[in-house]
Amino acid sequence: MKLQYYAWLRDSMGCDSEHIALPKEVNSVGMLLDWLPTQDERFKRAFEYIDVVLVSVNLLYADRDYPVQDEDEVILSPPIAGG
């Protein structure tokens with residue numbers, strides 16, 4: 001799976017994208033968001049405010065029930081305010 005990060009999430013992760021191997025038991029966006037912080041401290045810190053992050057799977061906005069597969073591209077984009 002390819003993960004792409006934007007805004008402060010990219011800064012927290014230290015990269016703009018990376019590939020991960022998705023375990024078989026992780027098959028939805030919600031399960032992915034719950035599983036990633038268990039993988040290392042970098043995810044744990046970055047995902048502290050994951051509830052405000054918009055998620056898209058293969059360029060389609062996705063809620064926690066949206067299915068994911070190892071071949072997918074998942075974009076994690078925090079809301080950005082401007083003035």
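Since every read-out is calculated from the coordinates, none of them should be taken as a lab result. A quick note: this is a predicted structure, and the numbers were derived from the prediction, not measured. Cβ atoms come from the backbone with ideal geometry, glycine included; neighbour counts cover every protein chain shown.
Things to note:
- If the condition is being closer than 18 Å to ASN27 by Cα and either under 12 Å from the mean Cα position of the chain (by Cα) or touching a residue at least 60 places away in the same chain (Cβ under 8 Å) (or both), then the stretch 62-83 contributes ALA62, ASP63, ARG64, VAL68, GLN69, ASP70, GLU71, ASP72, GLU73, VAL74, ILE75, LEU76.
- Complete set of residues in the stretch 9-26 that are touching a residue at least 24 places away in the same chain (Cβ under 8 Å) and either over 13 Å from the mean Cα position of the chain (by Cα) or over 13 Å from PHE43 (Cα atoms) (or both): GLY14, ALA21, LEU22, VAL26
- Within the stretch 2-22, tally of residues that are in contact with a helix residue (DSSP H, G or I) (Cβ under 8 Å, 6 or more places away or on another chain) and under 12 Å from GLN69 (Cβ atoms): 1
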